[in-house]
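Here the structure is laid out as structure tokens; the discussion comes afterwards.
The values are calculated or read from the model by the stated rules, or taken from the named source; none is laboratory data. Everything numeric in this text was worked out from a predicted model, so none of it was measured. Every residue, glycine as well, gets a Cβ built from its backbone with ideal geometry; the counts of neighbours run over all protein chains shown.
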């Protein structure tokens, strides 16, 4: 048996496919396509040698999937991609990655993963991009899972500071959290379209079955639904914290306004009292008597 080895990494926040396809001399992707594939002669031109059956799958949501490529070849590809997509986020690509093997059996059929007991798929239907799409989405989900967990922790800190009575607790944190919620909803729903099959996959029933089976293996639907619940939890935490913070500010503002209103009549009364001759004489007599008792004056 032989294996096809895939490595998926989240290397960029996003990749401009139109610009990247034009740079590598590939046909421009259609409106509904979220990926392009470098293979054959186009890939060999980058490495200056025959790359055989190796492939690179590039996704608009910032993931790259390398098929049967060595580590030094992946590093070299990042250097080529820098000219159109910029330098990758090396910390991110080391943290959010998937490694996967599919198996080519002795009779030439393809098993989606080594221990799979499900059906095998015939050769020639081009499974690799279907597998790459699932792996790319799994890596992208890992990044979102990590980000949301971090923000949930920060949101709880924001709430605790607010409960402690700190007036300006987490104002920047609140803004950052709300921005990330909007960004998450935009990128996850419109960006990597977790529930959408690739365009090429949707055209063939066998590829659709392969995509669905591998999606279940990587639990894409369950993970995304959990992310949505966490995002809603985060939204509720921040909203409740914001409401409480607003109430505290409103209460303190009312107290301050009341204090200012009291100052006006009080200052008027004190002005009249101090201006009265009897009060002036009283103050003079009080301090004179005090100084005499202290033997400061006779």
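Residue-by-condition table, conditions (1) at pLDDT below 90; (2) farther than 21 Å from residue 200 by Cβ; (3) buried (at least 19 other Cβ atoms within 10 Å of the Cβ):
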position: 110; (1), (2), (3): no, no, yes
position: 113; (1), (2), (3): no, no, no
position: 125; (1), (2), (3): yes, no, no
position: 142; (1), (2), (3): no, yes, no
Give 42, 55 a once-over and let me know the one that is under 20 Å from residue 25 (Cβ atoms) and surrounded by fewer than 20 Cβ atoms within 10 Å (Cβ to Cβ). 42
Among the residues of the range 77-104, count how many are exposed (fewer than 13 other Cβ atoms within 10 Å of the Cβ) and closer than 19 Å to residue 22 by Cβ. 4
With criteria (1) buried (at least 21 other Cβ atoms within 10 Å of the Cβ); (2) modelled with pLDDT under 95, residue 71 comes up short on (1)
Do we find that residue 36 is in contact (Cβ under 8 Å) with a residue 24 or more places away in the chain and not in a loop (DSSP other than H, G, I, E, B) in this structure? no
Filter result (assigned to a strand (DSSP E or B) and at pLDDT 95 or above) within the range 40-62: 55, 56, 57, 58
